[in-house]
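In what follows, a structure is listed as structure tokens, so that the remarks can point back to it.
The values are calculated or read from the model by the stated rules, or taken from the named source; none is laboratory data. Keep in mind the model is a prediction, meaning the values are calculated, not measured. Note that we place each Cβ from the backbone using ideal geometry, even for glycine, and neighbour counts take in every protein chain shown.
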Amino acid sequence: MTAGLDPETVRQERLHRQLLVGSTATDPAAVVSRLLAMQGQEYAMAFWAVGLRLADGYFSGLAGDMQRKRDRLADALAAIGFGVLPAQGTYFVTTDFRPLGFNGTDEDFCRHITVEAGVTAVPVSAFYDEPGKAPRHFARFCFCKHDATLDSAIERLGKHFTKRT
């Protein structure tokens, strides 16, 4: 027993640690869901409280920064040869990789660029309950990264796809 803490608090803390440390991490959403179910809305309320204390300028600056990153990544991917879909209200740029001449599924493509170019994207088919109905030629790139990380990814993708042509 931990001195000064009631048994229920200790039990809850042990459950949290088990979920976070002992989890297989194959489904992070399930871990978060279980934590929220155990704690109700306490975690969400804490984050809201922090956000409410921030000045409006923080949020407008953040929105402008994310838009700049989105536009920079989208423009660079288009210059490399990707088809780029419009993106709003997300942290991802969705691309069509067929113009690059890659013949394979979105999973194949994402694995390929991870191994060969050192850049990881998310296959769009991962979001479909029925993979057979999913489009297999789209990949999503996250742009809520440090500028240096985006620059490095853009450079590596550019070099990789320049070598292929």
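The listed residues are Tyr58, Tyr43, and the only one of them that is hydroxyl-bearing (Ser, Thr, Tyr), within 22 Å of Ala148 (Cα to Cα), more than 16 Å from the chain's Cα centre (by Cα) and modelled with pLDDT under 85 turns out to be Tyr58. Only one of the listed residues (Ala63, Ala74) is in a helix (DSSP H, G or I), modelled with pLDDT of 65 or more, out of contact with any helix residue (DSSP H, G or I) (no Cβ under 7 Å at 6 or more places or on another chain) and under 24 Å from Phe161 (Cβ atoms). That residue is Ala74. Taking the listed residues Thr114, Thr120, Thr90, Thr94, the one that is touching a residue at least 24 places away in the same chain (Cβ under 8 Å) and hydroxyl-bearing (Ser, Thr, Tyr) is Thr94, with no other qualifying.
For the subset of segment 97-153 comprising residues that are polar (S, T, N, Q) and closer than 20 Å to Leu73 by Cα, which member is farthest from the chain's Cα centre (by Cα)?
Going through the qualifying residues, I end up with Ser152.
For segment 135-165, the set of residues classified as of a type in the set (Gly, Ala, Ser), touching a residue at least 24 places away in the same chain (Cβ under 8 Å) and more than 15 Å from Arg98 (Cα to Cα) consists of Ala153, Gly158, listed by residue number.
Selection within segment 137-165: residues that are within 20 Å of Gly83 (Cα to Cα), surrounded by fewer than 17 Cβ atoms within 10 Å (Cβ to Cβ) and charged (D, E, K, R). The member of this set that is modelled with the lowest pLDDT is Arg164. For Gly104, the criteria (1) of a type in the set (Gly, Ala, Ser); (2) in a loop (DSSP other than H, G, I, E, B); (3) surrounded by 14 or more Cβ atoms within 10 Å (Cβ to Cβ) hold in every case but one, which is (3).
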